[in-house]
Every structure is written in C-alpha cells, then in structure tokens.
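For reference, the structure discussed in these notes is given below.
The values are calculated or read from the model by the stated rules, or taken from the named source; none is laboratory data. The shown structure was predicted, so the numbers you read here are calculated from the model rather than taken from an experiment. In this analysis, Cβ positions are derived from the backbone assuming ideal geometry, glycine residues included, and neighbour counts consider all displayed protein chains.
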Amino acid sequence: MYKQENVLIQGETTIAATITTPDQERSSFPAIVLIGGTGGLDRDGNGTGFKSNLYKDLAEWLTIQGFITLRYDKRGIGKSGGNRHSVGLTGLVDDVSAVVRYLKSHDHVSQDVLLLGHSEGCIVATLAAERESVSGLILLSGAGVALKTSMQEQAHALLEEVGRTKGIKGKLLRFSLNEKSVVGKQQKLFERVTATDQDTMRIQLMKFPAKWLREHLAHTDVSLRERLVQLNIPTLALTGDRDVQTDVEHLDELAALHVEHIEVQKIKDMDHMLKHFDGEMSILDVKKQYRSQLSEPLHPELQHQLHEWLKRHDWAS
C-alpha cells in the first residue's frame, strides 16, 4: 500500500523525518507535510507514557489517498538535533521551510506541496506558508487561534470546571486552583517572558522555553486570520465540537470573513486528538480521556471531510 523511508534533512539543525510514498505506478505525487502540536511528542505523535500514533495514522491514511507524506521530529525530540527548550517559534517555522525545500527537490514529488498543522502546528503552518510557496493548508484544531488565546481560554475553562465540582473534591480543588493561582500565575508568566531576551528561564526549578512563548505572544487571533486571508491559497480549517483545548467557536470568526479560499468545517463529537468523543468535556480529566482513546481510529467524519476537500482541488481521486 505504501513505502516508508527514514531520512535526515539538513536545516539549521538535522531534522529526522519519515517519508511515506504510495505504492502505485506513478512517477510523482502531491506531498503533505505534517506539523505537530506543542510538547514533546515525536513525529508519530508519541511521548513518554503516551503512544497515540496520531501523526503516524494521519500520514498513512493520507498516503493511501495518494499523497507522499512527511512527518518529522521537532528540534531536540526523537532523533532530530537541536534543543527543544531554546528553540523559538521562528526556529520551528525555519524547520518547516527546510522540509518543504527538501520535498520540492524530491524526485517523486509533484509541484504540489501542502502543509497540515495540528494544534500549535496550525500557527507554524500559517507562518511557514508565508515563507515557502505551498499549494494549500490543512489546519486541524487551531486555525486562526493564537497560543495566548488558547492558554487563557483553557485557564478560564479549568476554573469554571473547578467551580462546579461538588463535594470534598471540589473544595480541595478550589483551595489550590483559583483565580490567583491559575490566571494570575499565567499573566505573570507572560510578563516574565516578555521582560527578558533569554531563550530559556527557570520556572519552579524547571527549564522553560521563554523564547518560544515570547515569539508566540507577538501573534494574535486577528493577525493570524489576516495572514490566512492574504495567503490566498486553498485552506481547510477543521475543529471538533468536543475539543477542550481549542474552542470550536473560533471557526465562526474565520467563516465570518467570507473568504472564498478558506473552508471551515466543525466536526460533531470530535476531540482535540481527532478521535470520536461524546462524553462530558473536562479539562481536569482530559489526559485520562486521551489515554483511553489511544487505540481509537481517526474520526470518520474528519476522514470524509479531508478526502472530499482534497478531491475538490484535484489532489485526490
């Protein structure tokens, strides 16, 4: 069904990646770069104690649709070089640029290279598309939403959930999680990273990527949406209505722009990890929820909407 190859790409640092190629009798194929979200997950979507294979599953499904796909380890993760704590948002975009240039020189890649971003990867993909000429954007769970917005909304959602938690558990949670300890601490973090030019800082003895957050804070929802409009390339924005990390209502802000090249789709009963979920949405229990779904397939409606959009643009059959 497909061939798989591990490669090393030279950018500012060495980028370790996996390329999957359709096992079909064709000389060239369109290509899709998968750009992951925040945290220490590798090219497959796996980390310590967390094996989702999210990006591996996405890559393999897209390859079956007729695309060469490339997924990669971010800096300082897996087999890629660099330091995950000192790299900024700009560095993450630099790496996507290197990957796109690599694919454009690949013997079996046609003229069409698309970027697929998930979560923070939506921001990275949007910025990278300004640097490198790409044919389209697929933005999953985060289109046109700045990191600061997501962080603030998650903090408020956490406090709301804590506020309605009953019994002893609720009392204990409200003692440790309150406006000062959650929102106040977050605001102080924003102030600390913008007051320094250091790449990293210590937060409660732990190394924190100050440069990364500082560069993210330079972007707003409005500026990211404006970039998507100005790019003027086919763009598909998908978010699930059971996503506790990215508010699905942000898609309405994109849709309200009435821009022909941007298509917006809300997926019923899909969570942030692109799986089916129809239970109660909970910030407190979200990690437990994700772990319970590790073996679940990609949401079928997500697959359908992706395929139909790719087919409409003559990239898939």
Practice task
Evaluate the stretch 210-222: report whether one residue or more is of a type in the set (Phe, Trp, Tyr) and buried (at least 18 other Cβ atoms within 10 Å of the Cβ).
Solution key: yes
Completion exercise
In the set GLU120, GLU130, the lone residue that is in contact with a Ser or Thr (Cβ under 8 Å, 6 or more places away or on another chain) and modelled with pLDDT of 95 or more is GLU120
Fill in the blank from the handout: Expected single match for out of contact with any Lys or Arg (no Cβ under 7 Å at 6 or more places or on another chain) and in contact (Cβ under 8 Å) with a residue 24 or more places away in the chain among ASP95, ASP73, ASP57 is ASP57
Practice task
Among residues belonging to the stretch 151-192 that are among the polar types (S, T, N, Q), modelled with pLDDT under 95 and part of a helix (DSSP H, G or I), point out the one that is surrounded by the fewest Cβ atoms within 10 Å (Cβ to Cβ).
Solution key: SER176
Completion exercise
Within the stretch 9-33, the count of residues that are surrounded by fewer than 17 Cβ atoms within 10 Å (Cβ to Cβ) and over 29 Å from PHE208 (Cβ atoms) comes to 6
Problem - Single match in MET206, MET281 (criterion: surrounded by 15 or more Cβ atoms within 10 Å (Cβ to Cβ) and of a type in the set (A, V, I, L, M, F, W, C)) - result: MET281
Handout entry: strands (runs of 3 or more DSSP E) (entirely within the stretch 197-253) containing at least 1 residues that are assigned by TED's automatic domain parsing to the domain that holds ALA155, touching a Ser or Thr at 6+ places or on another chain (Cβ under 8 Å) and of a type in the set (D, E, K, R)
Key = 206-208
Practice task
Kindly list, by first and then second residue, each pair from a residue in the stretch 293-317 that is under 17 Å from LEU139 (Cβ atoms) and assigned to a loop (DSSP other than H, G, I, E, B) to a residue that is among the β-branched types (Val, Ile, Thr) and at pLDDT 95 or above, limited to pairs with Cβ atoms under 8 Å and residues at least 6 apart or on different chains.
Solution key: HIS299/ILE267
Handout entry: Pairs where the first residue, in the stretch 138-163, is farther than 18 Å from GLY184 by Cβ and the second is among the small types (Gly, Ala, Ser) and in a loop (DSSP other than H, G, I, E, B), C-beta under 6 Å, 6+ apart
Key = SER141/SER119; GLY142/SER119
Handout entry: Tabulated pairs, the stretch 24-36, first at pLDDT 95 or above, second assigned to a loop (DSSP other than H, G, I, E, B) and of a type in the set (A, V, I, L, M, F, W, C), C-beta under 8 angstrom, 6+ apart or interchain
Key = PHE29/PHE67; PRO30/PHE67; PRO30/TRP315; ALA31/PHE67; ILE32/PHE67
Problem - In the stretch 257-289, residue nearest to the chain's Cα centre (by Cα) [restricted to those that are in a loop (DSSP other than H, G, I, E, B) and more than 23 Å from GLN303 (Cα to Cα)] - result: ILE283
Handout entry: Given (1) of a type in the set (Ser, Thr, Tyr); (2) over 21 Å from ASP44 (Cβ atoms); (3) over 18 Å from the mean Cα position of the chain (by Cα), number of the condition SER295 does not satisfy
Key = (2)
Practice task
Test LYS3 against the stated conditions and say whether it is part of a strand (DSSP E or B), out of contact with any His (no Cβ under 6 Å at 6 or more places or on another chain) and free of Cβ contacts under 8 Å to residues at least 60 places away in the same chain.
Solution key: yes
